[in-house]
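Engineer: Got a structure for you, written out below as structure tokens; questions coming shortly.
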Amino acid sequence: MGSNEAFSQEQSVLHFPDSAEESPCGELCNIATRLREVAARLPRKRAVVCPCGRDSSGRVKYTQLTFAQLDRESDAIARGLSELGIADGVRTSLFVKPGLDFYAITFALFKTGAVPVLIDPGMGRERLLHCLVGVEPEALIGIAQAQLARLLFPKYFRSVKTFISVGRRWCWGGYSLAGLKKHADEKFDLAPTREEDLAAILFTTGSTGPAKGVAYEHGMFEAQCQLIGQTYGIGGEDIDLPTFPLFGLFSVALGMTAVIPDMDPTRPAHVEPEKIIEAVWNQGCTFSFGSPALWGKVTKHCVERNISLPGLRKILMAGAPVAPEVHERFAKILDKGAETHTPYGATEALPVADMTGAEVLAETGELTRKGKGVCVGRPVSGVTVEVIKISDEPIAEWSDSLKLPTGEIGELVAQGGHVTKKYFRNDAATALAKIPDGGCVRHRMGDLGYLDEKGRIWFCGRKSHRVETERGILYTVCCEAIFNCHENVFRSALVGIGDRSRQRPVIIIEPVSMPKNRSEELGFINELLQLARGNELTRHLPDILLHPSFPVDIRHNAKIFREKLAFWAAKKLEEAR
């Protein structure tokens, strides 16, 4: 049997319904019920707060909706959407900036049973348009830029039958959001969706390949809300600063106030620290979720200027490994007893595990610096994590024979009630990432790591980024940590050049400050080579290159596009011959 035949047979095992009509009958469940319940319990509490300019003295002005107001506004929008036929599984692309309208529209779509399609606009035009073609949205709700894109690139929007403008409606026709808000005082009856019904399609960043649409069911969202609330002890008493906009939806569902920061969410590494500090002080934020690139910049700013962030009791950082130094800086600027956490997971499954900054500083941080990987903690309640043999092929069925012993590096696999089952209309990707296990599905994280004797997970790098040399496999995170110890290394990237089984490893360095001349460059590289020779993992690495600014993902500004760097490195080495 040829490999293509085997692949197609294994794909056929992994079929999951795309529509509510195909879904098995489960319990009634609509994630918008959470908003309705919070609005009844805490009607006058602020649900969403947004900056809306500054006064004559330069102080920030804010606009807001209470939970009761947000519930009423989303009811009014839901009624208008329903009258247009945007309900019962209708896929609806949503291109709206973080703010009051974004939250009201998203919950309105949940209430009608429609399926919001959430694509990060920062991923770039070509990738975004490719995502649209794959998901074939039937409706589009967006700001002027989205409507203009629909006119300029009509072939990518052929499936869209209904379009609604947020803000001013210019020459493109369609409907306006303002015109949908009818009968604002009438409650809207939530769609009787069930646990297995498709609730939303969220796209991955595409940092290790084409972005994929992750199919979220209503039951998965409910399980995720419960898990986040229980794991971090957050709820109605908290005020959140969600620097990653989608997390604000969980904030609202959990009864927290979501304070939208004054920043470009597609460029977290370019945030102005003063504006984050200002929001924390002005709004009394107690909790925040964000990119390590953002918090790395903010904490450095605070420490250098002796600025504290009182009241913040929990900080979550995710999207890329977090350097121990960031936890150290937080310890200097947060109140005593405040905690930093690094939840581990992915768009397909979050959270999977959790690690506290205190444990990093007390124990694991030093091991990370020595090349042991990054400890991402223990699996959270209700989640199982196994390590299996590394494979780039689909796995048709789960077997305990796949598992590796404690301490051995392999592929991380997660299982839990919030773990997604498939990618939308992408059987090939589903076959590669999902393993059927009876009535459940295990998700292959695409990450390599191992379990230690304490049951903790150690992350060693992405599976697709491993470098297979004649001497054996090199793991990116482990090797890069050796070089990251140098004071002039901002970040590093291990890449492989050539055929997979006989790759030439290259370490690429992004310096804090680029050498000014050839003499400084040679001196810097020699120092890095000395570091390499001092560790068994890196002593045989032959090549070190300097790069002024790594290409990174849009969502977190922290995941390195190593494929692009490998191409760049191959060209540089060829030119040097």
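Since every read-out is calculated from the coordinates, none of them should be taken as a lab result. Since we're looking at a predicted model, the values are computed, not measured. Every residue, glycine among them, receives a Cβ derived from its backbone with ideal geometry; neighbour counts consider all protein chains shown.
Engineer: Below 8 Å between Cα atoms, with a sequence gap of 6+, how large is the relative contact order for region 449-577 in percent? Provide the component values of the computation, followed by the final result.
Structural biologist: Working: 190 pairs, mean separation 25.8, N = 129.
Result for region 449-577 is 20 percent.
Engineer: To the nearest 10 degrees, how steep is helix 67-83 against the longest Cα principal axis of the chain, on a 0 to 90 scale?
Structural biologist: Helix 67-83 sits roughly 80 degrees off the main axis of the chain.
Engineer: Here's a follow-up. Report the antiparallel proportion of the DSSP beta bridges in region 313-392 as a percent, rounded to a multiple of 5.
Structural biologist: Values: 5 of 8 bridges.
Here the antiparallel bridges make up roughly 60 percent for region 313-392.
Engineer: OK, next. In the chain, if the dipole is taken from +1 on Lys/Arg beta carbons and -1 on Asp/Glu beta carbons about the Cα centre, which of 289, 544, 498 is farthest to the positive end?
Structural biologist: 544
Engineer: Still on this structure, please answer the following. For 364, 193, which order do you get if you count the other beta carbons within 10 Å of each Cβ and list the fewest first?
Structural biologist: Values: 364 21, 193 27.
Least crowded to most crowded, the residues run 364, 193.
Engineer: Let me ask you something else. Hey, got the dipole for region 415-525? About the Cα centre, +1 on K and R Cβ, -1 on D and E Cβ, debye to the nearest 20?
Structural biologist: The dipole of region 415-525 has a size of about 520 debye.
Engineer: What three numbers, in Å, describe the spread of the alpha carbons of region 24-226 along their principal axes, ordered from the longest?
Structural biologist: For region 24-226, the Cα extents along the three principal axes come out at 56, 45, 36 Å.
Engineer: Pull up all non-local amide H partners of residue 434: gap of 5 or more, or a different chain, and H-to-H distance under 5 Å with H placed in the peptide plane.
Structural biologist: Those lying under 5 Å, H to H, from residue 434 are 444.
Engineer: Something else about it: Test of understanding: express the Cα radius of gyration of region 88-157 as a ratio to 2.2 N^0.38 Å, with N the residue count. Don't skip to the end; give the middle numbers.
Structural biologist: Values: Rg = 11.7 Å, N = 70, 2.2 N^0.38 = 11.1 Å.
That works out to 1.06 for region 88-157.
Engineer: Next question. Using DSSP loop states and a limit of at most 16 other Cβ atoms within 10 Å to flag GluC sites (Glu not before Pro), what is the longest stretch of the chain containing no flagged site? Working shown, then result.
Structural biologist: Numbers: sites that count: 27, 186, 237, 397, 408, 453, 470, 487, 536.
Answer - 238-396.
Engineer: Oh, and also: Could you size up the charge dipole of region 95-147 around its Cα centre, putting +1 on the beta carbon of Lys and Arg and -1 on that of Asp and Glu, and report it in debye to the nearest 20?
Structural biologist: Numbers: 4 positive and 5 negative charges, 24 e Å.
It works out to roughly 120 debye.
Engineer: Among 102, 128, 77, pick out the residue whose Cα is farthest towards the positive end of the charge dipole of region 43-159, where Lys and Arg carry +1 and Asp and Glu carry -1 on C-beta, about the Cα centre.
Structural biologist: It is 102, whose Cα lies furthest towards the positive end.
Engineer: May I ask for the distance between the Cα centers of region 309-351 and region 383-422, given as a whole number of Å?
Structural biologist: 27 Å
Engineer: Antiparallel as a % of all DSSP beta bridges within the chain, to the nearest 5? If you can, show how the numbers build up before the last one.
Structural biologist: Numbers: 52 of 85 bridges.
Restricted to the chain, the bridges split so that about 60 percent are antiparallel.
Engineer: Follow-up question, since we're still on this one. What length, rounded to one decimal in nm, is gained on full extension from residue 363 through to residue 133, with 0.36 nm per residue of separation minus their alpha-carbon distance? Provide the component values of the computation, followed by the final result.
Structural biologist: Values: separation 230, 0.36 × 230 = 82.80 nm, distance 4.75 nm.
The residue 363-residue 133 span can extend by a further 78.0 nm.
Engineer: For region 360-456, taking Cα atoms only, what is the radius of gyration to one decimal and the Dmax to the nearest whole Å?
Structural biologist: 14.5, 45
Engineer: Kindly provide the helix-only [θ] at 222 nm of the chain, computed as the sum of -39,500 (n - 2.57) over DSSP H runs of four or more divided by all residues, to the nearest 500 deg cm²/dmol?
Structural biologist: Working: 17 runs with 183 residues, N = 577.
The helix-only estimate for the chain comes to -9500 deg cm²/dmol at 222 nm.
Engineer: So what is Rg over Rh here for region 273-318, counting just Cα atoms and using Kirkwood for Rh?
Structural biologist: 0.92
Engineer: Under 16 Å Cα to Cα from residue 181, which lysines show up? Leave out anything in the same chain fewer than 8 places away.
Structural biologist: Of all the lysines, those that pass the test against residue 181 - Cα under 16 Å, at least 8 places apart if same chain - are 111.
Engineer: Continuing with the same structure: What percentages, rounded to whole numbers, describe P(r) for region 466-576 computed over all alpha carbon pairs with 5 Å bin width beginning at zero?
Structural biologist: Pair shares across the bins are 2, 12, 23, 25, 22, 11, 4, 0.
Engineer: Take every DSSP beta bridge whose two residues both sit in region 24-226, then give the antiparallel share in percent to the nearest 5.
Structural biologist: Values: 12 of 27 bridges.
Here the antiparallel bridges make up roughly 45 percent for region 24-226.
Engineer: Among the chymotrypsin sites (Phe, Trp or Tyr not before Pro) in region 328-425, which ones are in a DSSP loop with at most 15 other Cβ atoms within 10 Å of the Cβ? Mind listing them?
Structural biologist: Working: sites: 330, 344, 398, 423, 424; in loops: 398, 424.
Nothing satisfies the criteria.
Engineer: What is the calculated FRET efficiency for residue 502 to residue 269, with r their C-beta to C-beta distance and R₀ = 45 Å, to the nearest 0.05? Before the final figure, lay out each step's value.
Structural biologist: Values: r = 35 Å, r/R0 = 0.78.
My answer for the efficiency is 0.80.
Engineer: If all Cα-Cα distances of the chain are sorted into 10 Å bins from 0 onward, what percent lands in each bin, rounded to whole numbers?
Structural biologist: Per 10 Å bin, starting at zero, the Cα-Cα P(r) for the chain comes out as 3, 16, 27, 27, 18, 7, 1, 0 percent.
Engineer: Here's another thing I want to ask about it. Starting from the exponent 0.38 and prefactor 2.2 Å, build the expected Rg for region 116-217 from its residue count and divide its actual Cα Rg by it. Each step should come with its number before you reach the end.
Structural biologist: On the way: Rg = 15.4 Å, N = 102, 2.2 N^0.38 = 12.8 Å.
Expressed relative to 2.2 N^0.38 Å, the Cα Rg reads 1.21.
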